[in-house]
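**Q** I am attaching a structure below and will ask some questions about it afterwards.
Read the figures in this text as sums done on the coordinates, not as results from a lab. Bear in mind that the values here come from a model prediction, so they are computed numbers and not experimental data. Please note: Cβ atoms are built from the backbone with ideal geometry, for glycine as well, and neighbour counts cover all protein chains shown.
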Number of protein chains: 4
Amino acid sequence: MPTSAEITAFLEKEFPQTKCMVESVGEQSALVRHPIGFDELRPGGTVSGPALMAVADVGLYVAILGEIGMKPFVATTNLNINFLRMPTAEKDIMGDCKLIKVGRTLIVGEASLYSDGNPTKPVAHIVGTYYVDWEAKPNE
Amino acid sequence: MPTSAEITAFLEKEFPQTKCMVESVGEQSALVRHPIGFDELRPGGTVSGPALMAVADVGLYVAILGEIGMKPFVATTNLNINFLRMPTAEKDIMGDCKLIKVGRTLIVGEASLYSDGNPTKPVAHIVGTYYVDWEAKPNE
Amino acid sequence: MPTSAEITAFLEKEFPQTKCMVESVGEQSALVRHPIGFDELRPGGTVSGPALMAVADVGLYVAILGEIGMKPFVATTNLNINFLRMPTAEKDIMGDCKLIKVGRTLIVGEASLYSDGNPTKPVAHIVGTYYVDWEAKPNE
Amino acid sequence: MPTSAEITAFLEKEFPQTKCMVESVGEQSALVRHPIGFDELRPGGTVSGPALMAVADVGLYVAILGEIGMKPFVATTNLNINFLRMPTAEKDIMGDCKLIKVGRTLIVGEASLYSDGNPTKPVAHIVGTYYVDWEAKPNE
């Protein structure tokens, strides 16, 4: 299985748009970090919903890569996000992601997002479903 | 109720981060457009999930502003997104948004997203719930 | 493709637990009806959430059978339900179901539920994803 | 706060339709059990989706009653359910429910459902949002 450093290198090459950083990759899990700047803000000085969703989506993707390796094609099919608290704009958003079910075709995971240093007060909770196409060629 | 131009001015002032443009605002509905560039892409030359979510979230917000006016505080509480087809990176993403239920506290709406010119082949479907805090001060 | 009567016969044989009745089957769509009795009630004299969900789930299943035929194995993978209004216990619940995307492996549909006679005041909105296993044997 | 026995008595009186039994009530959490019989089955000899949803919905309701007491009016506004594995019809379904966020108006919780004795192989995962109307009269 790929290491955290290999997944980071893969993300930087394949997905340069994301500012999301891999903190750690564990067994069917990942912890990611996203800095907050102007692009991530919305009215009221808080973090925008799509920015939060991006953290969860990348974090679950990282957990999947850590579990099944970096070759197959993986696409998000469903995301359900509940916004729980207004995150501060002053702290990075952390995404604590774990896989609930790794099936042959569908993988389901959940993510708890929180402002760095405050893991017991999650700002959002996400459940996502990913489709794995084992016959697709890798993105090169 | 505010006009489409007033909502556009409000968005530009309050939410300069979004590239989403208001095409029209109707009865409990809105049509928005989002250009696609480097920032919205993801591996495979398609539009990223969070970029799609942002179109739906802004579009539903616009439909709500058109319905209840621009004063109250409105926050997304839940979004559920199903990704249906890979959108092309060559076309703007359009968001056709309508409100399903306008309650005293909670408003529920749905959005169908498609690549410009191809409304019968939606790329994503979103249902969102918004909380209206009527006692909050407007964002100024 | 199967007729409405054939789908009704299939449901009665395979799924005798459901009280849901097929009203009509159209192109990628179905209308179903569910009577409301003691079993479907919950505190407050309204219809329980699971009873509503069952109407949507059977209705979307019927729409899928009408589209792809009755042979393949179809399983629900995700359901998202928003409860919009308290339904009366005095009227049947109707489920107006349509498919949004019919893919090779995944089918996504939505359902609008309402108390009979009041289609413009939906009581719940559901989006469901179904997995089709084309290689499975039919339930016999 | 109410005891497990008080919540059981409340459920039996107010909600005689449910077969769901309270196993325990903890801090912002509950464990419930649902026997499986003819009514809960669906084609293929497995447990129906609505039956699973009912376990989660009652379990989260029990966790909420344990947290805020039995007086206020509580209504489900959103449920998102992912079906993970086919449950056996031979075992009770257990619902391990915990609250993620207890707000003034909205409460969000999640439930992991499994066949009795097999908690590490969940059959479904549910996230639900509940609206609390503090001014409503209790159901008497």
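**Q** Averaged across the residues of C:4-16, what count of C-beta atoms belonging to other chains lies within 10 Å of each residue's C-beta?
**A** Mean number of neighbouring Cβ atoms from other chains: 1.
**Q** Would you mind giving the mean number of other chain beta-carbons within 10 Å of the Cβ of each residue in D:99-109, as a whole number?
**A** Rounded to a whole number, the mean comes out at 4.
**Q** Turning to a different aspect of this structure: Run through region B:97-140 and list the trypsin sites (Lys or Arg not before Pro) located in a DSSP loop whose Cβ has at most 10 other Cβ atoms within 10 Å.
**A** Sites meeting the loop and neighbour criteria: B:Arg104.
**Q** Provide an ascending nm list, one decimal, of label-point separations from A:Thr88 to the equivalent residue in each further copy; define each label point as 7 Å from Cα along Cα→Cβ.
**A** Its label point is 4.7, 5.0, 5.3 nm from the equivalent points in the other copies.
**Q** Copy-to-copy spacing for A:Ser4, label 7 Å out on the Cα-to-C-beta vector, in nm, shortest first?
**A** When each copy's label point is compared with this one, the spacings are 3.9, 5.0, 6.0 nm.
**Q** I'd like the per residue volume of the convex hull spanned by the Cα atoms of region D:1-85, given in cubic angstrom.
**A** Dividing the Cα hull volume of region D:1-85 by its residues yields 107 Å³.
**Q** Which value in nm describes the separation of the simple spin-label points at D:Ala136 and B:Ala136, placed 7 Å from the Cα toward the beta carbon?
**A** 2.4
**Q** Arranged from highest to lowest average of other beta-carbon atoms within 10 Å per residue, in what order do the peptides D:11-21, B:75-85, B:26-36 appear?
**A** Ranking, from highest mean packing down: B:75-85, B:26-36, D:11-21.
**Q** What FRET efficiency comes out for the pair D:Ala9/B:Thr105, r = Cβ-Cβ distance, R0 = 30 Å, nearest 0.05?
**A** 0.45
**Q** Here's something else I'd like to know. Extending each Cα 7 Å along its Cβ direction at B:Gln17 and C:Thr120, get the distance between those two points in nm, one decimal.
**A** In this crude label model, B:Gln17 to C:Thr120 measures out at 3.9 nm.
**Q** What do you get for the angle between helix B:49-68 and the principal long axis of chain B? Use alpha-carbon atoms, 0 to 90 degrees, nearest ten.
**A** With both axes taken from Cα atoms, the answer is about 30 degrees.
**Q** Relative contact order of chain A, please, whole-number percent, based on alpha carbon pairs below 8 angstrom and at least 6 residues apart.
**A** Across chain A, relative contact order equals 26 percent.
**Q** Something else: Which distances, in nm and shortest first, link the B:Asp133 label point to the same label point in every other copy, taking 7 Å along Cα→Cβ?
**A** Going from nearest to farthest copy, the values are 2.3, 4.3, 4.8 nm.
**Q** Please report how many Lys pairs in region C:46-140 have alpha carbons closer than 23 angstrom, counting only residues at least 8 apart along the chain or sitting on separate chains.
**A** 5
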